Amino acid sequence: MAEKAAAPPPSKPLTSQEWETLIEDFQNGVQHKWTSLDPLFDLLLSSLLRKDFPLFLKLQLLVFLDEFSLSFLTSHHHLHRLVEALKAVVQAPLDVAASAFKDQFMVSATSILICTSENVAVEAETETNLVELLLTVVNRPNFGSDRQTRGVACECLRELERWKPGLLSDVVGHLWSLCQSERTHASQSYLLLFTSVIHSIVARKLSVSILNTSVPMIPFYAPNCVTDSGSGSESGSGLNVKELRRALSFLLEWPHVMTPCGIMEFVSMIIPVALALELQPSMLKVQVFGMIHSFDPVLCHAVLRMYVHFLEAFEGQEGEVSRRILLISRESQHFLVFRLLAIHWLLGLNQFIFEKTKPTIELCSTFYPALFDPLALKALKLDLLAFSSVCANVLRQKSGSDELIDPVKLFENGLVCVSSFKWLPPTSTETAVAFRTFHKFLIASSSHSDNDPSTARNLLDSAIFRTLQGFLVNMMLESRRLVPVVVAFVDRLLSCQKHSWLGECLLQKFDEHLLPKVIMDYKLVYCFPIFDRIAENQTIPPRGLLELLTNFMIFLVEKHGPDTGMKSWSQGSRALAICRTMLMRHHSSRLFLRLSRLLAFTCLCFPDLEVRDNSRIYLRMLVCIPGKKLRDILNLGDMILGISPSSHPTSFFNVQSPRPSQKFKSFKNLSSCIHLERLRPLLVKQFWSLSLSNLVVSNANPTYLESIRDFKAPGEEKEISDSSNTQIIPETRRINQPQEPLRVMDSKVAEILNTLRKYFSCIPDFRYMPGLKVRISCSLRFESDTFNRMLGIDKTVPSSEEIDTLPAIYATVLNFSSSAPYGSIPSCRIPFLLGEPYNKDSASQNVSLSIVPVGVNDSREEEKYRATVVVDLEPREPTPGIVDVHIETNAENGQIIQGQLQGITVGIEDMFLKAIVPSDIPEDETPRYNFNLFNTLWEACGSSSSTGRETFQLKGGKGIAAIGGTQSVKLLDVPAASLIQATERHLARFVVGVSGEPLIDAVWEGGIIQNVIWEDASPDASSVSHQDTGPLRLTYNDEEYEKGVISNTRKRNLGCFHVLIFLPPRFHLLFQMEVGDVSTLVRMRTDHWPSLAYIDDYLEALYLS
């Protein structure tokens, strides 16, 4: 009985519940559970014809059959049975088969026949039977009870006609008669069916009489043009133009009975017919042009589609069409989408007519954005103004007249609507729209095509370029916080192969007009990003910039005092960084005189010791090293800067020498035979044994890490000391500090602080209790041949006793040490380890069968020659480094051996741990807690963090910690599939949330990422995915303008990964990966800014290698 319940007998039909389970299993990809049943197609047809089956389940079965038709219908017999079942249902009375069931059955059968025809040979009889059945349904005009069913049958016939053009050409006369007779709302379907047949006749040039009804409609016979695969005698033999024009005149009388979507379909088929028949466009114009005055976007689009095909027929009415479209975009009561679409129409329309009509250009040039227009509408209106300026310039050059609108006036008046960007934050959307407009007006007359006739001289002499460069100079002088945005604007031009010279010309203008006007104060540091670009450009003489930097150094020396703090060190270091850039980019002969004076003054007079020492090094290099070798050395320094610095101040290498001992025998080349290797190799291949401590003279953090910090105002800069001392503040020091004034907090900030207090209370303070451990698994092995030679042992290897002659080591002790902040590393003890075979190839053949059991693979065989070693680290700071390994062991002859082994490389990925979950959080609530913790830390680490200088008590109650966040971004040019696969392989346990329906579908199918928060792609679904993205659509630095063709695929956003990584002892690394089809933008935030120096290489190794 149990077996029968598990597998029902073949003759027993499935119940409603079983069908629902089957449909769900097929949709989830587990259809193998139902393979033991009879052919499912038979069961499905029998269920569809049952009277006791509920209607909703029958409709589900039809949709299910349509979805999986390629799996069920594998022969033409199945299609024949399906059509016979449809015939039985259609001919059944309404009390047996409802109208909705008949309609869905006809649609599903038509869809299945068309889709399966690519894999299954469809018999002509089956096809004819289906068409005949549908014609039978259609051939009942003006019957009100089944008008919906007749309309559906007409749509099915339209799809069959589209599948095989000319299929209904022999019965087109009957279809015309039906169109004339039908008076219900189904008349639109009849008219569209008749129009489709006319379109097929004209497209295939069939010589068919439309008025002839001698061929009966039922029974139906397929015409020769279809049965002969389009090569019959009637195909291409000529059109009956007179009858076709008469039919077209009839069709043009009926647009008023159609819906907007029906009119769109109708116009799309009528236009090619009218062109082929050389019909007078006025006939179409009379019937369709009046729809331009409607407020339905579909009708307007249909009119414009006809307009672009018959431009000559509408000559003189360009102004009327343009005014109507402009009026639509100005109507604030319309949907924003409709208003945006109207501007797109106008932009496309002007490309056809701008050389023909002067009033249209003048009309568009007065179309300024309104103050309260949405930003998206403002951006498109500004695009229209930029296009109008180009058109006006072209017409002015052709006519030689200056009566048209001035492009500079268009530019200045258009910017009024986004003038608020001057006092808004640089990341505001208004700023993005403004700089996007700058780019549009600047390159509007120069496309990315190689055949573009415009020259560089024309653009440089244009009034727009002169106005824009003066506007940017004044902007940087008045609002220095906009300098990074200007730098991004220049970088966009420099990165474009066609317009890179425009960026260079702008930098030359900045060198001429900006440098003499800047005010010498501490805020000059805001202009350093643009100074960097000027220093990098080899076409700009360095004289002006060197004079400015010399005056700035003199200013810093004169203003230095007790209250200066770290300003002198910070800004002096940045000025030296610009000098270093010039050393790398320019010839020494151009720099020598002025740069040597600058560096000499800095060496003698600057108040900060580190800046003086660095300038002395640069001066010595400038004087002693030729230019090319100097640039090579500085480039080498860039590569070395990616390596973790050593805490040891006196050695360049972190490897420690073995301690001399009299009772131990030390071997310098011990690492050549004894190997300690990581079980899991690192993704980032870096030589962490190198140290840069000798390049850092003072106790302050190295200057090469400054570049990844968020830019701060000089008045807000604070002294940065050692990482561990800065982040964890003893309670005694906290008492002596002055009381911070009370702050007013809203509920959101209070909730963030409460979450962080609870979370940090679970993180142990490593100063008073055991900290969090990072474990690195390794394997220890040694080579028998090399080991014996090193000890001076010469052993002959018998063919049958090799396992007994292999050397072994006993009571091995591995001592670990590191100059990196890993705390005290416990030793590891290995009682016994056997050496590897002398020759693995021959050993596998000579070893006795009594020793090696049958069926043991090579990996199992190698395990007995290896010992597992686990290195426990207790990091004080999450930084890569090298763990030095010292071995002490005993050989078989009693000799004690010691020496240094190859160090273990520790990467930043070894520091990745899962976030700590408080003990009172239930297991089923852990995903939600982790996701909320990610949002909280993301907010706390943001540049506009509202947590202020709030401190949080750690576990143990003796120490407190503060959060100082830093953020960065990384663009990965990697396909979405590769990125998802790499994320599942390496970062799955750190993913706390996935948003976006396409990304969720891709990740859900893999089944690797689990126990996370799945969010849909709605705007309110995730506050994290939209809180800091800035202008997602209206960006001024998109690459679409440099490539010439806008790629929608590159713009499509599939979704977002939210990754939360804990970095011991108490730091965090947050990733927000916005996944696209071909690229991914990774937004990173962390409360430990030095870790960002390693994440860039890690992401490239993870996703790009």
Scope segment 181-223; condition under 54 Å from the mean Cα position of the chain (by Cα) and hydroxyl-bearing (Ser, Thr, Tyr); matching residues: 184, 187, 189, 190, 195, 196, 200
Some residue of segment 84-95 being surrounded by fewer than 16 Cβ atoms within 10 Å (Cβ to Cβ), over 29 Å from residue 143 (Cα atoms) and modelled with pLDDT under 85: no
Conditions (1) more than 41 Å from the chain's Cα centre (by Cα); (2) surrounded by fewer than 16 Cβ atoms within 10 Å (Cβ to Cβ): number failed by residue 71: (1)
Answer from 282, 249, 268 - the residue that is of a type in the set (S, T, N, Q) and over 24 Å from residue 155 (Cα atoms): 282
Residues of segment 119-134 satisfying the condition of being assigned to a helix (DSSP H, G or I) and under 51 Å from the mean Cα position of the chain (by Cα): 124, 126, 127, 128, 129, 130, 131, 133, 134
Residue in segment 91-99 that is under 19 Å from residue 14 (Cα atoms) and in the same structural domain as residue 18 (by TED's automatic domain parsing) present: no
Single match in 905, 879, 926, 951 (criterion: out of contact with any Ser or Thr (no Cβ under 7 Å at 6 or more places or on another chain) and closer than 15 Å to residue 818 by Cα): 905
Residue tally, condition out of contact with any Leu (no Cβ under 8 Å at 6 or more places or on another chain) and assigned to a loop (DSSP other than H, G, I, E, B), over segment 86-112: 6
Segment 539-588: number of residues that are outside any helix (DSSP H, G or I), over 29 Å from residue 635 (Cβ atoms) and in contact with a helix residue (DSSP H, G or I) (Cβ under 7 Å, 6 or more places away or on another chain): 1
Top-ranked residue in segment 489-504 [being within 17 Å of residue 535 (Cβ to Cβ) and among the hydrophobic types (A, V, I, L, M, F, W, C); ranked as surrounded by the fewest Cβ atoms within 10 Å (Cβ to Cβ)]: 494
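The values are calculated or read from the model by the stated rules, or taken from the named source; none is laboratory data. Not measured: the values here are computed from a predicted model. Cβ sites come from the backbone with ideal geometry, for glycine too, and all protein chains shown count toward neighbours.
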